[in-house]
Amino acid sequence: MQLQNNIIETIGNTPLVRLNSVIDGLECQVLAKVEYFNPGGSVKDRIGPTIIDDAEKKGLLKPGGTIVEATSGNTGVGLAIVAATRGYRCIFVMPDKMSQEKILLLRAYGARVVVTPTAVEPDDPRSYYSVARRLVAETPNAILANQYNNDMNPESHYRSTGPEIWRQTDGKITHFVSGLGTGGTISGTGRFLKEQNPKVHVIGVDPIGSILYDLHRGRNDTQAEGYKVEGIGEDFLPGTTDLSIIDTIVQVNDRDSFITARRLVREEGIFAGGSSGSAVWGALHYARLNNLGPEQMIVVILPDTGSRYLSKLFDDEWMRENGFLDRAWSDARAWDVHQAKSDTSVITAGPEDLMADVVALFKAHSISQVPVVGEDQRLEGMVTEVSLLDHLLSSDHRHQPGETIRSLINPDVPVVSPGAPLQMLMDIFADHGVALVVEGPHLRGILTKIDLLDFLSAQVR
């Protein structure tokens, strides 16, 4: 028989999954630690048992007691799971920007949920931190789980998340990426990984509007502003955040977070929440900015399931109302542009084609560059009109009629996956005339600025 004694024993050992489509041609490996495989559907399941075990050992939580916590939802679920198995009651205080799904889920566990305003300072008596402290004072035999200042939060990840990632990657991880909320995940996991290999680079992802990015840069005068993504970002520095562990913080906006989360489910089949989109976008942005190569391995935490956001980021109407899908084509992809072309055939050359034949190809089709593919449409690079001219005008050697284009192939070409968003095409077209659509090593199409203009103009007719 293979069985667990209770549901708590199923927490952890979540899978590490390679991302394929959404990485859009990056050379480095990007691996997702999919935390919604925990029984409560999020990474926060990991801290519930550790926090409650510690409170019991210290005599702070006694039989029949009440667990109170200020939470965006997921920590509440992690605590509620343990409370259900040990006979404790729960009261959770949540900001009013959190999804209705989270409130209903916590109530399903038998918890009392108190909703407070989001747009108030942390020390305001109406804030969810202040209300949680007041409820503890008013409730006999109650404790505040206190995820923002409880050392057991990062300790949970030091004991579980970090060792799992090290084991699953066979110690080959080079970069670790996590969203920043309480900071427990990144601080505990990052500390363990750096103890194994000090060269592991720890990258935090912070939503624009949070102050953690500026605090990491030494600025203490920043005021928090509103943002829609849930579960990450803060208007103060939690005691569970160890900024010394974090090497870099990347900022992300709501739209990129939500669009990336939608891409994860549509292109990878990974149904994760908005903060997962934030983390993946941050990982990809960092990888592109630093030109990470195939020897680099990024592990990114996907904190929770998308099922808690069906009424928000996965609802087209909500996305449009909030300006994240303000145009009918804003969810379009590179392959949509390719399929909208009147002629979807792709003119290519082979690496052993004669230079004279490629010149004739340019002339016959009125083109100035051509993708070069080997066997089975495997992309090898591009040859341009300019490179041919430079070579033929060169006096370095005597030109022969049988010369091929192999020596003129430029392998450094702009490529996108079929699922690349239109903004990525725009970024490429700022510096390049074409973008090649590739799936794995195989060439599937070629897009130009006029192809994108034709597609967009057709949407507004």
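Quick rundown of the values:
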| quantity | calculated |
| --- | --- |
| Selection from 405, 442, 202 lying farthest towards where the dipole of the chain points positive, charges on Cβ | 202 |
| Unit charges on C-beta of K, R, D, E only; dipole of the range 45-144, Debye | 280 debye |
| Using alpha-carbon coordinates, inclination of helix 184-196 to the longest axis of the chain, degrees | 70 degrees |
| Global geometry of the range 45-144, whether rounded, prolate or oblate, following the gyration tensor of its Cα atoms and the 1.5 cut on a/c | oblate |
| Net charge over other residues, Cβ less than 15 angstrom from the Cβ of residue 433 (K, R count +1; D, E count -1) | -4 |
| Amide proton proximity set for residue 403, modelled H, under 5 Å, gap of 5+ | 355 |
| For q = 0.08, 0.11, 0.14 Å⁻¹, Debye-computed log10 I/I(0) when each Cα of the chain counts as one equal scatterer | -0.55, -0.90, -1.27 |
| Rounded to whole Hz, the Karplus (6.51, -1.76, 1.60) HN-Hα couplings of the range 113-127, x for glycine and proline | 10, 10, 9, 10, x, 7, 7, 9, 5, x, 8, 5, x, 8, 5 |
| When each of 312/341; 194/228; 199/228; 102/228; 33/199; 57/102 is checked by Cα-Cα distance, pairs over 23 Å | 312/341; 194/228; 199/228; 57/102 |
| For the range 377-431, convex hull volume per residue from C-alpha positions, Å³ | 105 Å³ |
| C-alpha center-to-center spacing [the range 237-263, the range 397-438] in angstrom | 33 Å |
| Three-way shape label, the range 186-278, alpha-carbon gyration tensor, a/c 1.5 | oblate |
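Computed from the coordinates by the stated procedures, all read-outs in this text should not be read as laboratory data. Fair warning: this is a prediction, and the values are worked out from it, not measured in the lab. Heads up, the Cβs are rebuilt from the backbone with ideal geometry, glycines too, and the neighbour counts pull from every protein chain shown.
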